[in-house]
Structures are given as C-alpha cells and as structure tokens.
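Right, one structure below, let's go through it.
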Amino acid sequence: MLKIKNLQASVDKKSILKGLNLTIKPGELHAIMGPNGSGKSTLANVLSGKNGYKISGEIIFEGENLNDIPIEKRAQKGIFLAFQYPLEIPGVNTNIFLKTSLNSIRKSKGKKEVDTLAFLKLVKEKSSELGIDEKILSRQLNVGFSGGEKKKNEILQMKILDPVFSILDETDSGLDIDALKIIAKGVNSSRDSKKSFLVITHYQRLLDYIKPDFVHVLSDGKIIKTGCGELAEELEKTGYSKLN
Amino acid sequence: MKSTEIEKAKEYKYGFTTDIESIKAPKGLSKEVIQFISKIKKEPKWMLDWRLKAFDRLKKMKEPNWQKPKYPKINYQELYYYSAPKSAQDKPKSLDEVDPKLLETYAKLGIPLKEQEKLSGVAVDAVFDSVSVATTFKDKLTEKGIIFCPISEAIKKHPDLVKKYLGSVIPITDHYFATLNSAVFTDGSFVYIPEGVRCPMELSTYFRINASETGQFERTLIIADKGSYVSYLEGCTAPMRDENQLHAANVELIALDDAEIKYSTVQNWYPGDENGKGGIYNFVTKRGACRGKNSKISWTQVETGSAITWKYPSCILQGDNSVGEFYSIAITNNHQKADTGTKMIHLGKNTKSKIISKGISAGKADNTYRGLVDINKKALNSRNYTQCDSLLMGNKCGAHTVPYIKNKNSSSVVEHEATTSKINEEQLYYCNQRGLNQEEAVSLIVNGFCKEVLQQLPMEFAVEAQKLVGISLEGSVG
Ligand SMILES: Nc1ncnc2c1ncn2[C@@H]1O[C@H](COP(=O)(O)OP(=O)(O)OP(=O)(O)O)[C@@H](O)[C@H]1O
Ligand SMILES: [Mg+2]
C-alpha cells in the first residue's frame, strides 16, 4: 500500500522530518505516537501532498511514486486526511461540499456522478450507522461546529468518500467518551483486507477501541521505536523521555 | 475551429457574432441622428423634443473623470447610435414571426424563447442591439393588467405613464452619460404593475450587443403602483471584439405606497481578453425612488463581465418607512476594472437601508467599492447597515473601499463594516485534500464568500450565477 523511504521534509530551512522509513501493507492499521512538535502532523501533510515543504526521499503509494502528484490527485487515488484542526469555510454548505468532493473523486475514476437524492440517501445511511446527527451537514462547513462536531464531521466524510488509505491526525483529541466511540466505530467498520490506516494519537485510550497492528514512536523527525499494542500501554506509563 | 479559438470559446462562451443584415443610423452623434432614431421608432413629437432637449444640454456637459478606472477618450463621432436587424423593423406580433436567426441566437445564449414560453415561469423581453425583438408571456400578463413591453412600444401605447415617470428619477440633466442616454436611448423594457397586483412571474430582459462599433443605450422604466410587487431580472452578453464598446444604460424604478420592486442583474458582458484588449465599457445609471410610504426597492447585482464596470444602483428613500437594499458581487479578473457601489439617500422618516458588497479581484484587476449613505435632517430614526468584503487572489490585483457617510440627524444610526482578505490557502488545501481541483476549490470558496448576495437572486438564476462566479475566476490561482 504505502512505502516511505528515507523521507526528509523541511520548511524554511528548518528540518522537520529527518529520514523516516515506514511500510504499511493493505489491511493494516498503524498508530503513530510521539511528543508535541516531533513531526506527526507534518508527516500527514506531506503524505497528502501539501505545498510548502522541501522534500527528499520517496513516497510510494500502490506502486507509484507520489512526489510530483498534486494534492487533489492523491485524494482521488484514495488518500484521505482527517485534519487535526479542520478548517472553517464560511458560506459553503457541508452537504454541497461533500457532494462536490464525492463526485470529483468518482469522476476521476470514470464513474458516474451521484445525484442529490442518491447522495442524501448515502449521507443518511452513514450518519445513522455512526450515530452522528446529520443536521450538522446542512450547516456551513465547520463554521461554529464544536471541537467534537468537527472531528465527527471528518470521520463522516471519511465514511462517505470511502478512501483506501486514511490518515487520522489526532482525531481523538478533545473528545468525550461517546464521541470517541463514534470515531472508533467509524474506523473499525471500515477496516477490511484492502484498506489501511495511519492513526496519529497521544492517548492509549483510543487504542483500547481501535486495535493497531503496529505502534510507532516518532521523535525529532524519525521513527525511533516500533512495537505492537503493548508499546502504547508502556508509553502511557513511562512517557517518551525514557526512549531517547 | 483553430485551437486558439477553442481556448477563447472556453473562456467566454457567449463571444459569437450573429451574421444578420442590419439597418444603422449614420455614424456619429448629431441632431440628425437623434431625429433618425426617433423617426425610425415612429415616436410622437414630445419624445423627440425630450431627446433634443437632452442633446442641447449634453453639448454643455463634460465627461466625468473622478472614477478610479481610467479609459482612453471615447470618440463619440465614431460610434453608431442605432443598429437593428432588418427583419425586426416591423416588430413581429408573435414569436412565430420572429426571424429564425434571432431565435437561434437566443437559444445559443441559453434562452430558447419559443420553448421558454411553454415551459418556464419567466417572461422575457429580448433586446438585440437597439431594438426589442421579442417579448414572451404578454397575454398572460395583460390579464392582470400588467404592462411588460419594449419602452419604444410604451412610448406609443402608454404615453401618459411614460411622460409622467420617464426622467423623474434620473433627470435628463443628471450627468454626462445619463444625459447622453436621454438623447439617444434606443430600447429597453417598460413595466407597469397596477395597484394591488403581485406579478405572478419573474420578468426579465436579455440584452445582447451584436453589431460592431455600436453603442447600446438601454432605457428601462419600472413602475410599481400602490401595494404591488414585481421581481425583474436582466442579463447581458456581447461578442468578443478587439474594440471597446459602450453600453450606457439608464434604469429608473418607481415604487409607490406599500409597493416592492426587486431588481436583479447578472452582467456578463465580454470582459476583454487576458491582455486587456477589447471588452465592454459598462457605464450605467440605475436609480430607484421609494416614493410611497412603506415601499421597498432591492437591487441585486452579479457583475462578472465588462472591461470596465462603473455604476451605482441607488435608492432615494422618500416615503416614510421605506426600505432600500443593495446586494452586490463584483468580480474582476485579468485586466478588468470595476468601480461600483450604491447611494442610499434617506429623506423619509424611519427609512432603512442595507448594503452588502462582495468584491473579488484576481489577475491584474482592480476593484473599487464606492458608496454614499446620506441621511437627511428630516429622516428621523433612520438606519443603515453596510458591509463591504473584499477578496484578493494573488498579489497583482487591487481592492479599494471608499465609503461616504453623511448622517445629518442624531436619531439615526449608520453602521459600516469592511474587511479585506486574501483567498485562504489553508481552505484551498482542505478542498484539494477532498479531491477538488484548484478551479473547483476556488469556485466553492468564492461562492461561499458571496453567499449572502447569491441567495437574494431568484432561484432560476442563482444556479447560473454560481457557475458564472466559478467560470469568471478560471485560471486565477495556481
Ligand atoms: N510551516 C511551518 N513553519 C515553521 N515551522 C513549522 C511549520 N510546520 C511545522 N513546523 C514545526 O515543525 C515541528 C513539527 O510540527 P508538527 O505539527 O508536525 O508536530 P506534531 O508532532 O504534529 O505536534 P503535535 O503533537 O503538537 O500536534 C514543530 O516544531 C513545528 O513548530
Ligand atoms: Mg500535530
């Protein structure tokens, strides 16, 4: 699915990712933990193709080098990023945004566009499956959403767009226990042998609900340790400082 | 088509020319030309006298020069002031008699007059260069006593109404272009809604400039009698030409007691090419008088075309409790320029006005909002709320906000808010990450930015306007 080789990324000569290697196979769920400022969001952004980074190394996604592929093409290939801080776009209806998004992705695959009726049916189905109030979708995109609503909206978008590779950047931060369960349900109900996930989190409690195949520790732009679920529990007790 | 033509056609899809035999007035501006226009339109003498009075006045006037967008001197003797398809000389009585070439032109512009008469709920007056070539739904409107016809017809059939109201909001002495229009105006729409009648459908006029070296001098007059309501929409397109063409319109609205007029414009004149060659000079005077108590006039404009747009649709709030509104989107790309806004003149007590302006500038374009709020001494307890937002794309374009506020009594309140921002890169990124390409993302974000104005448009036109917003900004980012 994804092979990252010696990835380095810098902004304005500040080096953030410093030679990162990671391989994710189809069906796997990888968790990334690590101290604030270690480069987790940067990794997510770089994978999505965000502009403004100086990059070296390779990102191979489904056998293809992504280096020169723009953001929207990556999204159309099935890379989805649930943002740590989802952006507000005033005046843009969330449903219309999502329908435009779904249809852009479908068009790129040569599929027929969905009409409004079919789209609303899909939204109803996915939101009730997750237990999310679909009313938020008739509001302006993320405008005035609570922190939790924004995160739930990201997961609902993931469910509707149905990507093969999803990156969740601290989607669990700031959530109450019910919202956390919704997020977990969103991920678990999507998991199958073809889809992969990269879940960035600070808290072991998310991993009680979402069972990772691997847990990595990112520190100062590199993966310094990789383990299975127990690593997260260990970190919760001891913190990151012991690892350095 | 050659590939450059295909490219061009993608940018401005209304840029074609209709090859049709036309009758023109002799070139240039003179007493004889005005007599020619009046004669060919079979106008009564009072109308000719009115025109000549304006022409006399014009000779003593100077073109204004205070606006931000400057333009090369217009040679008024090099223009044609009248051009009309030969086939439209004797105005056809029904659509079946309209020249098929003209019907085809309107169908190509997305206004299939014949089908439309059967299907949609919109009555259309189609103005081609200097004449109205067709008006639909006339019978249905006549049943309710509504008059919707070309102004040249109204001059002959309803002289009392025309005499009473024409020039009553924009005096023939008003300013250079208004006076020029009064002397040489050719066609436009006339609307009269009788007392207590709610017009059952949208009325619209579609203006098309076709002939080259021709100025279009539109004249529109809308009267809403006591307690009546009408919603009116105009659309505009022109072929792509290297020359600049002048469209100088006068539009007058009159709302009597408890009447309401909603006037919407989707202006998509040819904007010129990406190097700023060609395009329409859209120099328009639009003014509404809320003459009666509790009356309301609401202007909504979506200005995406023209090389230069220069207009201030205004409201004179004479009647007590009357309301004036101005909702505007002005988009300028490449080398386009706009200097637009409104004037809200509060004369009556408890009058209210609201101004929402959204200016979007891209490429090397320049966009100015200029607005006057003038609250008279006697306009006690009046209110104005103004909000002007500007959005910039790239760093070669400009946006300016020039508000003039005169509040002459202490019981009235004026509020003004203004913002200027660049298109948000993070918002674009968010959209791109969801699979939208740059153009789709820009269109979505800008449409969101303009939402308060777009939602004022009648349903039938809102969708078209949204698309137009996206198309006008193609190639502006990235
Ligand atoms: N555009 C930028 N310009 C300058 N520095 C940046 C930029 N983006 C990120 N950084 C810096 O790079 C480092 C890594 O940031 P990043 O957001 O990836 O951290 P993170 O691991 O996601 O942290 P957190 O756990 O707090 O979310 C930080 O020191 C941050 O300040
Ligand atoms: Mg982060």
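Before moving on, here are some points about what is shown:
- Entries in B:Lys27/B:Lys73; B:Lys59/B:Lys378; B:Lys42/B:Lys277; B:Lys45/B:Lys70 that, when Cα-Cα distance is taken, lie over 27 Å: B:Lys59/B:Lys378; B:Lys42/B:Lys277; B:Lys45/B:Lys70
- Over chain B, DSSP H runs of length four or greater, each weighted -39,500 (n - 2.57), average out per residue to a 222 nm ellipticity of -7000 deg cm²/dmol.
- Tilt relative to chain A, helix A:177-188 - C-alpha long axis, 0 to 90 degrees, to 10: 90
- Farthest toward positive dipole pole in the range B:130-423 [+1 Lys/Arg, -1 Asp/Glu at C-beta], among B:Phe326, B:Cys199, B:Thr304: B:Phe326
- Length, then width, then depth: along the principal axes, the Cα atoms of the range A:23-121 run 43, 32, 28 Å.
- Taken along the Cα-to-beta-carbon direction at a fixed 7 Å, the label points for B:Lys13 and B:Ser410 span 5.9 nm.
- Treating each Cα of the range A:2-243 as an identical point scatterer and summing with the Debye formula, the log10 of I(q)/I(0) at q = 0.08, 0.17 Å⁻¹ comes to -0.30, -1.37.
- Dipole of the protein assembly as shown, positive end: most advanced residue of B:Cys397, B:Tyr429, B:Leu454 [Cβ charges, Cα centre]: B:Cys397
- As a fraction of the 1.4 Å probe accessible area of the range B:365-465, surface on carbon and sulfur atoms comes out at 51 percent.
- Set of aspartates and glutamates near B:Lys311 by C-alpha distance (under 12 Å), chain-local residues within fewer than 8 positions excluded: B:Glu303, B:Asp339
- About the centre of its Cα atoms, chain B shows a dipole size close to 1660 debye [charges on the beta carbon of Lys, Arg (+1) and Asp, Glu (-1) only; nearest 20 debye].
- Magnitude of the charge dipole, the range A:2-243, Cβ model with Lys/Arg +1 and Asp/Glu -1, debye to 20: 600
- Relative contact order, whole percent, for chain B stands at 9, derived from Cα pairs under 8 Å and 6 or more residues apart.
- For A:Ser193 and A:Asp68, a Förster radius of 45 Å and the Cβ-Cβ distance give a FRET efficiency of 0.90, rounded to the nearest 0.05.
- Relative contact order (%) - the range A:2-243, alpha-carbon pairs under 8 angstrom, separation at least six: 29
- The gain in end-to-end length when the B:Gln387 to B:Glu213 segment is fully stretched comes to 58.8 nm, 0.36 nm per residue minus the alpha carbon separation.
- Three-way shape call for the range B:130-423 based on the alpha-carbon gyration tensor, with the a/c threshold at 1.5: oblate
- Cα gyration tensor shape for the range A:87-141, rounded if a/c is under 1.5, else prolate or oblate: oblate
- Placing R0 at 56 angstrom, the Cβ-Cβ distance between A:Lys54 and B:Ala107 gives a FRET efficiency of 0.55 after rounding to 0.05.
- The convex hull defined by the C-alpha atoms of the protein assembly as shown has an orientation-averaged projected area of 35.1 nm².
- Charging the Cβ of each Asp and Glu at -1 and of each Lys and Arg at +1, and nothing else, the dipole of the protein assembly as shown about its Cα centre rounds to 1220 debye.
- Sites B:Lys27 and A:Lys14 - FRET efficiency at Förster radius 60 Å, r taken between beta-carbons, to 0.05: 0.35
- Ranking B:Tyr176, B:Ser410, B:Ser231 by how far each Cα lies toward the positive end of the dipole of chain B (charges on Cβ) leaves B:Ser410 at the top.
The values are calculated or read from the model by the stated rules, or taken from the named source; none is laboratory data. Given the structure is predicted, the values throughout are model-derived calculations rather than measurements. Don't worry about glycine lacking a Cβ; one is built from the backbone with ideal geometry, like all the others, and counts go over all protein chains shown. When the accessible area is computed, the model is the full protein with side chains, heavy atoms only, and any ligands, DNA or RNA have been set aside. Shrake-Rupley method; radii C 1.70, N 1.55, O 1.52, S 1.80 Å.
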